[in-house]
Amino acid sequence: MASVDVGVGLLGYGTVGSAVSRMLAESGDEIERATGHRLTVVRALVRDPAKNRDFAPGDDVLTDDFAALRDDPRVDVVAEVMGGIEPAGGYVRELLRAGKPVVSANKQLVAREGADLFAIASAAGVQLRFEASVCAAVPVVKVLRESLVAENVHRVLGIVNGTTNFVLSRMARGGTYAEALAEAQALGYAEPDPTDDVTGADAAAKIAILATVAFGSRVLLDDVPYRGIETIEPAHVAAAASFGMALKLIGIATLTEGAVDVRVQPAFVENAHPLASVEGSSNVVVLQGDAIREVTLGGPGAGGIETASAVVADLVSVVGTSGTGFLQNDACWRELPRLDPAGWRAPFYVHLAVADRPGVLGHAAATFAKHDVSIAQLVQHLEGGRAALDLVLHDAPIGSVEAALDELSRSPEMLRRPFIAPVIAA
Ligand code: NAP
Ligand code: HSE
């Protein structure tokens, strides 16, 4: 069979872009044998073409002029591995309108502007793929869109940020937050600005994308309340261990009686649950549905070559399926209402820092009872006139638990704002 040459344009040639270039060069023969296509990077847009690169591109590949890439007739398909909303979003729109298929690793862009981008792709009759935007090497978008296309998925639960899981894994072994984050940045796991990782914004964008694909209804980043790991202290990590659990940053998307709830927060995960033992920068996603019951997918969730694997898979899918139908469509086909956020239920872990005085414990218990919240387990640690209370509460609506904590926060014996995390049972 004669091979078809496919010219690849890259928007960005950083951690991920240079790894895509390396993979296409070093695995070119395998890709050609499997697909009959030879994919070659012919143009790559960067800010500074003079910078040293992890994998050297061919002569005259790097440019700082977007028009040189957009108007290059050799570019058949483009991978957006630049990040940020603008100018990346504007470039992707222009390319789609010009009839170039695009694959993107940019979760912030897809989670914020996906509706508009898919409408443009659809009108232009070209594909927009985004596997690398969620969980790097783990093919979860493909599984949801293709393998589970006829499945009623009603819950998606996952560790979807490698940087924060790396930091929490290190803290569980006694490392400090700052050291662990610096190491994750050096290894290329973190976003160029790690704020999105540690605040939970990166995980929120990914779980919004997964919820959109799983439920067929648009979930935007703005629909996802999120908390990150910045307020986590070694005491919280130790408390999780003492209850036979692990502290993890979890994205949870639920479809309950036709209404959607999507959120990201630190959670206490029982040790027997598949998410509890996920270490380092790995990502794991648990999909629950009627027929499948539970399918668990996991693997490397961050890093240049790991993400390149998904980008290259999307490029190969584009060349292998162009003009063949539904996969170039937006995955959304309905609008589902949102669940009242205060009505979302779980058992919760709560950490209270209080004065060690008579009646304080009773007051805490009475306040929970007043809001119809019941205590399942309690451990108290005393130190110099202060008490740290670690409580596990029975299943309750988060609104009731937060109302009890707000009330307790107003009492003089409360020394700090309480810490709250849902418990994920095995
Ligand atoms: P990166 O190393 O910072 O690379 C960004 C690249 O884009 C650089 O080559 C940069 O050029 C170029 N660029 C940025 N702004 C530009 C502009 N205004 N004009 C022209 N070029 C511009 O970032 P990365 O880690 O590869 O991440 C890229 C994307 O992949 C992001 O959306 C990220 O969320 C996503 N992603 C990353 C990972 C990961 O583990 N790193 C995993 C999954 C998804 P210069 O090199 O000249 O500065
Ligand atoms: N910064 C992201 C993470 C990269 O740590 O998971 C993968 O999207």
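Using the rule -39500 (n - 2.57) for each DSSP H run of four or more residues, divided by the residues of the chain, the 222 nm mean residue ellipticity is -10500 deg cm²/dmol. Binning the C-alpha pair distances of the chain at 20 Å intervals from 0 yields a P(r) profile of 26, 51, 20, 3, 0 %, listed from the shortest bin outward. The phi-based Karplus calculation (6.51 cos²θ - 1.76 cosθ + 1.60; θ = phi - 60°) puts the 3J(HN,Hα) values of region 210-222 at 5, 5, 4, 6, 5, 9, x, 9, 5, 10, 9, 3, 5 Hz, whole numbers, x for Gly and Pro. Solvent-accessible area of the chain (1.4 angstrom probe, protein heavy atoms only): carbon and sulfur portion equals 51 percent. Give the calculated FRET efficiency between R47 and T195 to the nearest 0.05, with a Förster radius of 25 Å applied to their Cβ-Cβ distance. The pair R47/T195 has a calculated efficiency of 0.80.
Could you pull out the chymotrypsin sites (Phe, Trp or Tyr not before Pro) across region 329-362 that fall in loop regions by DSSP (anything but H, G, I, E, B) with no more than 13 other Cβ atoms inside 10 Å? Could the numbers behind the result be given before it?
Values: sites: W333, W344, F348, Y349; in loops: W333, W344.
In loop regions of region 329-362 (DSSP not H, G, I, E or B), the sparsely surrounded chymotrypsin sites (Phe, Trp or Tyr not before Pro) are W333.
Once both labels are positioned 7 Å from their Cα atoms along Cα-to-Cβ, the gap between A426 and V4 label points is 5.0 nm. Mind checking the full-extension length gain between Q380 and R74? Use 0.36 nm per residue of separation minus the Cα-Cα distance, one decimal, nm. Working it through step by step, the gained length comes to 103.4 nm. Of the cross-linked pairs K206/K370; K100/K248; K51/K107, which ones have a Cα-Cα span greater than 31 Å in the structure shown? In this structure, K206/K370; K100/K248 lie more than 31 Å apart at Cα. If the only charges are +1 at each Lys and Arg Cβ and -1 at each Asp and Glu Cβ, what is the size of the charge dipole of region 342-424 around the Cα centre, to the nearest 20 debye? My answer is approximately 120 debye. Near the amide H of L62, within less than 5 Å, lie the amide hydrogens of A44, all on another chain or at least 5 residues away, with H placed in the peptide plane.
Tell me the volume per residue, in Å³, of the convex hull enclosing the alpha carbons of region 342-424.
Normalising the Cα hull of region 342-424 by residue number yields 79 Å³.
What FRET efficiency comes out for A241 versus A353 if R0 is 25 angstrom and r is the Cβ-Cβ distance? Round to the nearest 0.05.
Values: r = 19 Å, r/R0 = 0.75.
Taking R0 as 25 Å, the efficiency between A241 and A353 is 0.85.
Placing dummy labels 7 Å off each Cα toward the beta-carbon, the span from A150 to A342 is 4.3 nm. Available extension along the chain between T256 and H394 is 47.7 nm, counting 0.36 nm per residue and deducting the alpha carbon span.
Kindly express, to the nearest 10 degrees and within the range 0 to 90, the angle between helix 304-321's C-alpha long axis and the longest C-alpha principal axis of the chain. Approximately 50 degrees, to the nearest 10.
Would you mind getting the accessible area per residue of the chain, heavy atoms of the protein chains only, 1.4 Å probe, in Å²? List each step's numbers first, then the result.
Numbers: 17750 Å² over 426 residues.
Ligands and nucleic acids excluded, the result is 42 Å² per residue.
Extending 7 Å from the Cα toward the beta-carbon at both A25 and T231 defines two label points whose distance is 4.7 nm. Straight-line cross-link partners of K142 among the aspartates and glutamates, defined as a Cα under 17 Å from its Cα and at least 8 positions apart when in the same chain: E131, E151, E294, E306, D314, D330.
Distances between placed amide hydrogens fall under 5 Å for L11 paired with L45, A79, E80, V81, all partners being 5 or more residues away or on another chain. The relative contact order of the chain comes to 16 percent, based on Cα pairs under 8 Å that sit 6 or more residues apart.
With angles folded into 0 to 90 degrees, how steeply does helix 15-26 sit against the dominant principal axis of the chain? Use alpha carbons for both and round to 10. The answer is roughly 50 degrees.
Counting only alpha carbon atoms, the long axis of helix 162-172 and the longest principal axis of the chain meet at about 40°.
Sorting 380-390, 233-243, 214-224 by average packing, meaning the other beta carbons within 10 Å per residue, from highest down gives 214-224, 233-243, 380-390.
The values are calculated or read from the model by the stated rules, or taken from the named source; none is laboratory data. Here the structure is a predicted model, which is why all the values come from computation and not from measurement. Every residue, glycine as well, gets a Cβ built from its backbone with ideal geometry; the counts of neighbours run over all protein chains shown. Side chains included, ligands, DNA and RNA excluded: accessible areas come from the protein's heavy atoms. Shrake-Rupley method; radii C 1.70, N 1.55, O 1.52, S 1.80 Å.
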